[in-house]
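K.L.:
Dropping a structure here in structure tokens format, bear with me for questions.
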Amino acid sequence: MSTQNALNLLASHYARVVMERHLEPRFDEYIQKNLFELARALTAEVPKSGVMFCGNCGNGKTTMLQALRNLFLALGDKYFSFVHEDFNANMMIYDARDIVLVGKDFSEIRKIRERDLVAIDDFGKEPVEVMDYGTVLSPLIHLLEIRYEQQLFTAISTNLTPPEVREKYGGRIADRFNEMMQVIVFKGPSYRS
């Protein structure tokens, strides 16, 4: 698929997500730039195995995750059949706090980490560590390390800057993100006001 075709499809899905919330889609310079950068990342000759949307609150990161999910669903499993025979194009979007909450349940984390496409919304607002009967767990870090090792597509939205990601999660995760994630910085204003 060309970058222009991906851009057109993403813009269409982005508008649909906004309209589902009974709002008027805005395609200002910031949204246009973010859509183009995502389309370019997805159609790169050697694409990375993930994208990370960074920026302030309310400037379209979660909406972009939802548009990306809808794009994958529209393209369907058959479009991605080259990946493997039973590829599932249904990208689930998980709140980062929810992953931590289910982190004590190994079977639930296994289901999430083995999905072909995963999105993590609001990365950074969850605690890095949780206690399970005296054992310290880092379920989100564990999940991200496994997805990195298996090169499974992962999309993330966060209010953290890349240096803040390094400070909160350590150099190991930050270095893996540098390799696996195409970072798209959302600089636009809050669309909630």
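What follows is calculated from the coordinates using simple rules that are stated; it is not laboratory data. In this text the structure is predicted, and so the values were computed from the model without any measurement. Cβ atoms come from the backbone with ideal geometry, glycine included; neighbour counts cover every protein chain shown.
K.L.:
Under a 5 Å amide H to amide H cut-off, with H placed in plane at 1.01 Å, what residues pair with residue 89 once short-range neighbours are removed?
P.N.:
Those qualifying (amide H under 5 Å, at least 5 residues apart or on another chain) are 77.
K.L.:
Separate question: What stretch of the chain, leaving out the sites themselves, is the longest with no chymotrypsin sites (Phe, Trp or Tyr not before Pro) in a DSSP loop having at most 14 other Cβ atoms within 10 Å? Walk me through the intermediate numbers first.
P.N.:
Details: sites that count: 27, 82, 133.
In the chain, the maximal stretch lacking such sites is 134-193.
K.L.:
Let's see if you can work this out: charge +1 on each Lys and Arg Cβ, -1 on each Asp and Glu Cβ, no other charges. What is the dipole magnitude of the chain about its Cα centre, in debye to the nearest 20? Let's see the in-between values first.
P.N.:
Details: 23 positive and 26 negative charges, 80 e Å.
Dipole magnitude for the chain comes out near 380 debye.
K.L.:
At a Cα cut-off below 14 Å, give the aspartates and glutamates reachable from residue 111, other chains included and same-chain residues fewer than 8 away excluded.
P.N.:
98
K.L.:
Summing +1 for each Lys or Arg and -1 for each Asp or Glu, what net charge is found among the other residues whose Cβ lies under 11 Å from the Cβ of residue 64?
P.N.:
Values: positive: 61, 69; negative: 37, 121.
Neighbour charge sum, excluding residue 64 itself: 0.
K.L.:
Subtracting the Cα-Cα distance from 0.36 nm times the residue separation, let me have the gained length for residue 5 to residue 151 in nm, one decimal. Could the numbers behind the result be given before it?
P.N.:
Values: separation 146, 0.36 × 146 = 52.56 nm, distance 2.49 nm.
In short, 50.1 nm is gained.
K.L.:
Could I ask something else about it? Residue 50's amide H: which non-local residues (gap 5+, or another chain) put their own amide H closer than 5 Å, with H modeled 1.01 Å from N in plane and none for Pro or chain starts?
P.N.:
154, 182
K.L.:
Are there DSSP H segments in the chain that both extend 18 Å or more along their axis (alpha-carbon positions) and score a mean Kyte-Doolittle hydropathy of at least 0.0? List them, or say none.
P.N.:
Details: long enough: 3-20 (25 Å, 0.14); 29-42 (20 Å, -0.10); 61-79 (27 Å, 0.07).
Membrane-span-like by this criterion, though nothing is claimed about a membrane: 3-20, 61-79.
K.L.:
Listed here are the pairs 125/168; 61/125; 33/125; 33/61; 61/187; which of them are more than 20 Å apart at the Cα?
P.N.:
Working: 125/168 10 Å; 61/125 15 Å; 33/125 26 Å; 33/61 13 Å; 61/187 10 Å.
Listed pairs above 20 Å: 33/125.
K.L.:
Under a 5 Å amide H to amide H cut-off, with H placed in plane at 1.01 Å, what residues pair with residue 160 once short-range neighbours are removed?
P.N.:
55
K.L.:
Using just the helices of the chain, give the 222 nm mean residue ellipticity in deg cm²/dmol: DSSP H runs with n ≥ 4 each add -39,500 (n - 2.57), and the total is spread over all residues, rounded to 500.
P.N.:
Result for the chain, helices only: -15500 deg cm²/dmol.
K.L.:
Moving on to the next point. Could you check what % of the DSSP bridge pairs in the chain are antiparallel, to the nearest 5?
P.N.:
Close to 15 percent.
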